[in-house]
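FYI, it's all coordinate maths here, none of it is from the lab. Being a predicted model, the structure only gives us computed values, none of them experimental. Counting neighbours? That spans all protein chains shown, and the Cβs are built from the backbone with ideal geometry, glycine included.
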Amino acid sequence: MTILITAGPTYERIDPVRFIGNYSSGKMGLALAAECASRGMEVSLVLGPVTIQSPVFNNPHIHITRVESAQQMFDAAAHIFPHCHAAILCAAVADFTPVSVASQKIKREGDELVLRLKPTRDIAAHLGTMKRTDQVLAGFALETNDEQTNAQSKLNRKNLDFIVLNSMNDANATFGYDTNKITIIDHFGSNAYPLKPKTQCAKDIVDKLLITAKNKLKTK
């Protein structure tokens with residue numbers, strides 16, 4: 001089985017020394033890559049700029065494409081997905097990027113700096129339009145309010161098979177922590193899990209992925 005995993009943040013450049021980013025460490029995506037490889041899968045990992053070290057980087061079954069921006073991640077994911085059986089989109093991709101990038105460092109002048117932003121290309125939605133009936137596509141939703149409603153909407157709009165919900169309201173979960181608290185939602189219902197190490201969350205997610213893939217084979 002071959003699988004695409006996106007992980008980490010993206011950096012959207014403002015000038016040669018500054019960027020718009022987020023707090024994603026990449027830990028959840030790296031845990032997913034390691035879990036998939038441990039089950040015999042060949043993993044294509046599209047990885048944003050992360051600073052942590054991981055045994056994943058030396059695993060011969062994990063093939064890493066390093067990217068920085070949302071557009072680079074979009075291009076890599078769109079190229080790789082048609083050759084995979086499944087994809088888990090775990091990266092925290094920027095929704096907006098600067099309209100223009102200054103070629104030189106922006107100097108401090110005046111009392112304010114106004115940045116014009118434009119939407120980035122939606123990786124999950126695009127892969128959802130590409131998805132074949134024999135492929136499994138899973139996404140992540142990080143929410144701060146109306147968590148279940150927003151995650152369910154994303155599941156439907158982007159043609160995902162299931163979505164992993166994180167809430168910023170849960171203690172010791174999401175960005176930077178070694179633990180996470182997830183709810184897996186598909187078109188038939190949801191399953192909430194207790195707080196646990198991200199390595200254990202990865203097992204739960206990959207279990208769901210394999211069950212979904214098996215069910216798709218049965219219906220063919």
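Would you mind ranking ILE5, ILE64, ILE80 so that the residue whose beta carbon has the fewest other beta carbons within 10 Å leads the list?
Arranged by neighbour count, lowest to highest, ILE5, ILE64, ILE80 become ILE64, ILE80, ILE5.
Would you work out if region 46-86 is rounded, prolate or oblate? Take a ≥ b ≥ c from the square roots of the eigenvalues of the alpha-carbon gyration tensor; rounded if a/c is under 1.5, else prolate when a/b is larger than b/c, oblate otherwise.
It comes out oblate by the Cα gyration axes.
Mind checking the full-extension length gain between LYS105 and LEU217? Use 0.36 nm per residue of separation minus the Cα-Cα distance, one decimal, nm.
Net length gain for the segment: 34.9 nm.
Please report the spacing between the Cα centers of region 145-162 and region 175-220 in Å, no decimals.
Value for the Cα centre distance between the two parts: 15 Å.
What label, among [x] 17.6, 64; [y] 17.4, 51; [z] 15.8, 46, belongs to Rg and Dmax of the Cα atoms in Å computed from the structure on display?
Step by step, Rg and Dmax of the Cα atoms in Å for this structure corresponds to label [x].
Counting pairs of alpha carbon atoms under 8 Å apart in space and at least six apart in sequence, what relative contact order in percent does region 73-220 give?
This gives 18 percent for region 73-220.
Would you tally the net charge around PHE96, using a Cβ to Cβ cut-off of less than 13 Å, leaving PHE96 out, and scoring K and R as +1, D and E as -1?
That works out to +1.
Report the one residue of GLN72, VAL114, ALA102 whose Cα lies farthest in the direction of the positive end of the charge dipole of the chain (charges on C-beta: Lys and Arg +1, Asp and Glu -1; origin at the Cα centre).
Result: GLN72.
Cα gyration tensor of region 144-220, axes a ≥ b ≥ c as square roots of the eigenvalues: rounded (a/c below 1.5), prolate (a/b > b/c) or oblate?
It comes out oblate by the Cα gyration axes.
Return the calculated 222 nm mean residue ellipticity for the chain, to the nearest 500 deg cm²/dmol, obtained by summing -39500 (n - 2.57) across DSSP H runs with n ≥ 4 and dividing by the residue count.
My calculation for the chain gives -9000 deg cm²/dmol from helical runs alone.
Using the per-residue mean of other Cβ atoms lying within 10 Å as a proxy for protection, in what order, highest first, do the peptides 53-63, 150-160, 104-114 fall?
Result, highest mean Cβ count within 10 Å first: 150-160, 53-63, 104-114.
Let me spell out the model: positive unit charges on the Cβ of Lys and Arg, negative unit charges on the Cβ of Asp and Glu, origin at the Cα centre of region 164-216. What dipole size does that give, in debye rounded to 20?
In total the dipole reaches around 180 debye.
Just the number, please: percent antiparallel of the DSSP beta bridges in the chain, rounded to the nearest 5.
35
Which value, in debye to the nearest 20, gives the size of the charge dipole of the chain about its Cα centre, when Lys and Arg are +1 and Asp and Glu are -1 at the Cβ?
In debye, rounded to 20, the chain gives about 480.
At 20 °C and 1.002 mPa s, what whole-number value in µm²/s does Stokes-Einstein give for the translational diffusion of region 1-41, with Rh from the Kirkwood sum over Cα pairs?
For the chosen part, D equals 179 µm²/s.
Any of LYS118/LYS203; LYS118/LYS198; LYS118/LYS154; LYS118/LYS214; LYS131/LYS218 with alpha carbons more than 29 Å apart? Name them for me.
Table pairs above 29 Å Cα-Cα are LYS118/LYS203; LYS118/LYS198; LYS118/LYS214.
On a C-alpha basis, how far is the centre of region 1-45 from the centre of region 94-142 in Å? Whole number, if you could?
When both Cα centres are located, 15 Å separates them.
When the dipole is taken about the Cα centre of region 5-63, and only Lys, Arg (+1) and Asp, Glu (-1) are charged at their Cβ, what size is it in debye, to the nearest 20?
Rounded to the nearest 20 debye, it is 80 debye.
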